[in-house]
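Got a structure for you, questions after.
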Amino acid sequence: YEEDFIFIVNGKEYPTKRIIADLLSTKICHLHSIDPTINQYYINTEEKGDFLHILKLVNFKVNDVPTSEIPFLIEVSSNLENKFIEIIENDETTELTLNNIFDKIQKHERYKNHYSKSYQNEIEFISANFHEIVEQEKEKLIKLKLRTLIEIFSNERLKLKDEDQLFEIVNELYLKDSNYSILYETVNFLNASTNCICQI
């Protein structure tokens, strides 16, 4: 573990120790279990940024990273197969509202491993305000990714006007794309009306 290791990022060398490379990357750790002599790793990215910000993460503290470098950090951490980097935004204390919830969750659902706390708070907000959201922002709701809808519909804080409200949205999504059939698992058929069930 005291051996030197070099990350070569976009052609620039970043020397470090092997233990740091293993801590930063599940992928490199696995490579070392196959071949302990590996002492360098190449990363080429589309996004630009300073890899030193990523090397600093091994201090296990909250580290400030310029907002402009977040896309680079996400791209590199995905390359390294690191699922433990949590991004906390400066505006995380901003209160969630019906006006801002969909802008936030659409940004975070793409990289939910990196925004897990924000993403989970947004799932719970939508679930707790589901009845109102369906009435005011249904079109935005049904544009969310399938995995996000599953988490919302199965969340313990889900508040419905009645079971038909959820059932009707699931039907609407299923008629557009049969892949949404998995959402029927979130519906409590015992509480749905006969009229709604007959629509299937």
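Roughly how much of His30 is accessible, in Å² to the nearest 10, using a 1.4 Å probe?
110
So which chymotrypsin sites (Phe, Trp or Tyr not before Pro) in segment 71-143 are both in a DSSP loop and have at most 13 other Cβ atoms within 10 Å of their Cβ?
Phe84
If you take the beta carbon distance between Ile19 and Asn99 as r and set R0 to 41 Å, what does 1/(1 + (r/R0)^6) give as a FRET efficiency, to the nearest 0.05? Before the final figure, lay out each step's value.
Details: r = 47 Å, r/R0 = 1.14.
Plugging the Cβ-Cβ distance into 1/(1 + (r/R0)^6) gives 0.30.
Determine how large the accessible area of Lys159 is when every protein chain is in place; take a 1.4 Å probe and give Å² rounded to the nearest 10.
Surface accessible to solvent at Lys159 totals approximately 120 Å².
Using alpha-carbon positions, what is the distance between the centroids of segment 140-183 and segment 29-102, in Å?
Going from one Cα centre to the other spans 31 Å.
Continuing with this model, one more query. Computed from these coordinates, which is Rg/Rh (Cα atoms, Kirkwood Rh): (i) 0.92; (ii) 1.07; (iii) 1.11?
(iii)
Right, here's the next one. Using helices alone, what [θ] at 222 nm do you get for the chain, with -39,500 (n - 2.57) per DSSP H run of 4 or more residues, divided over all residues and rounded to the nearest 500?
Value at 222 nm, helices only, nearest 500: -12500 deg cm²/dmol.
Send over a whole-number figure in Å² for the accessible area per residue of segment 1-130, probe 1.4 Å.
59
Okay, moving on. Give, in nm to one decimal, the length gained when the segment between Asn63 and Leu31 is fully stretched (0.36 nm per residue of separation minus the Cα-Cα distance).
Here the segment from Asn63 to Leu31 would lengthen by 8.8 nm.
Any chance you could run the full-extension gain for Asn179 through Gln40? It's 0.36 nm times the residue separation minus the Cα-Cα distance, nm to one decimal.
Going from the current span to full extension adds 45.8 nm.
Using r as the Cβ-Cβ distance of Lys12 and Gln106, and R0 as 30 Å, what FRET efficiency do you calculate, to the nearest 0.05?
Once rounded, the FRET efficiency stands at 0.35.
For the chain, what relative contact order do you get, as a whole percent, if you take Cα pairs closer than 8 Å and at least 6 residues apart?
Relative contact order for the chain comes out at 13 percent.
The values are calculated or read from the model by the stated rules, or taken from the named source; none is laboratory data. Quick caveat, the model's predicted, so the values are computed rather than measured. Every residue, glycine among them, receives a Cβ derived from its backbone with ideal geometry; neighbour counts consider all protein chains shown. To get the accessible areas, we keep the full protein, side chains included, count just its heavy atoms, and leave off ligands, DNA and RNA. Shrake-Rupley method; radii C 1.70, N 1.55, O 1.52, S 1.80 Å.
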